[in-house]
1. Picking from 129, 99, 213, which is most flexible by a Gaussian network model of the chain using Cα springs under 10 Å?
2. Which option, (1) 55, 42, 38; (2) 55, 37, 34; (3) 74, 51, 32, is the value of Cα extents along the principal axes in Å that was calculated from these coordinates?
3. Of 104, 136, 184, which is the most mobile in a GNM of the chain whose springs link Cα atoms less than 10 angstrom apart?
4. Can you give me the angle between helix 73-85 and the longest principal axis of the chain, using Cα atoms only, in degrees from 0 to 90, rounded to the nearest 10?
5. When the chain is modelled as a GNM with alpha-carbon springs shorter than 10 Å, which of 187, 195, 237 fluctuates the most?
6. Could you tell me whether region 64-165 comes out rounded, prolate or oblate from its Cα gyration tensor? Rule is a ≥ b ≥ c as square roots of the eigenvalues, rounded for a/c under 1.5, then prolate if a/b exceeds b/c, otherwise oblate.
7. When the helix-only estimate is applied to the chain (DSSP H runs of n ≥ 4, each -39,500 (n - 2.57), divided by the residue count), what is the mean residue ellipticity at 222 nm, nearest 500 deg cm²/dmol?
8. Using just the C-alpha positions of region 25-73 as equal point scatterers, what log10 of I(q)/I(0) does the Debye formula give at each q in 0.13, 0.18, 0.29 1/Å?
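Readers should treat all values here as calculations from the given coordinates under stated rules, not as data from a laboratory. The model shown is predicted, which means the values in this text are computed figures rather than measured ones.
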């Protein structure tokens, strides 16, 4: 599938920058995921689309075993270097597709996925796969960027993300996540919303945008309505975009049936 080739190409060339990216390695959202899990230490955890490995790394000292899976080999290599460099030996690394997980039914007690589903072309299939590999009453811990319910805001955010990163598929509305999860046999137990400040230059540079691509993106943002600028708290100085604010959700869902 073309979008998956795009993901591999985009993240293959950006793998190292994701390990050091402040938005990915820091942030109260990762701490909240760990807090929501309430682990005993005996869990088998699957981290889907592990990226730089930050979620797998955070859970490694807290659970029995972590399996980190990613579509892109370069990301897996970067994650392995990062996690093993921290001394954790209970993490295995598997190349695999979030929408076709290479694991048997009911193999894991916890499935985590952080800042990744907006790249998945068939997110419902991913949810079904997470449900399949979880044990009964297993935990699904999700964290991803979302869009507001207003269609104009939705269009703006998904457009700038797609211009910046051709492997972006869609950031979903909060109501869409609720419907998809509850329609797939999950019950949502806990839910948190986070505001995220994106600094324009590092945000573009992580995807290695050219000067002309940055200019195109800047112009699109400058030309957007005042309503959108206010909603996303866009900071503009001397006709340059400095930063804007997005949002993410972190949630814990339980496999009910």
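1. Per the Cα network of the chain with a 10 Å cutoff, 213 tops the list.
2. Computed from the coordinates, Cα extents along the principal axes in Å corresponds to (2).
3. Among 104, 136, 184, the largest mean-square fluctuation in the Gaussian network model of the chain belongs to 104.
4. Compared with the principal axis, the helix lies near 70 degrees.
5. Among 187, 195, 237, the largest mean-square fluctuation in the Gaussian network model of the chain belongs to 237.
6. On the way: a/c = 2.24, a/b = 1.45, b/c = 1.55.
Cα axes put region 64-165 in the oblate bin.
7. Working: 11 runs with 110 residues, N = 257.
Mean residue ellipticity at 222 nm (helix-derived): -12500 deg cm²/dmol.
8. -0.28, -0.53, -1.18
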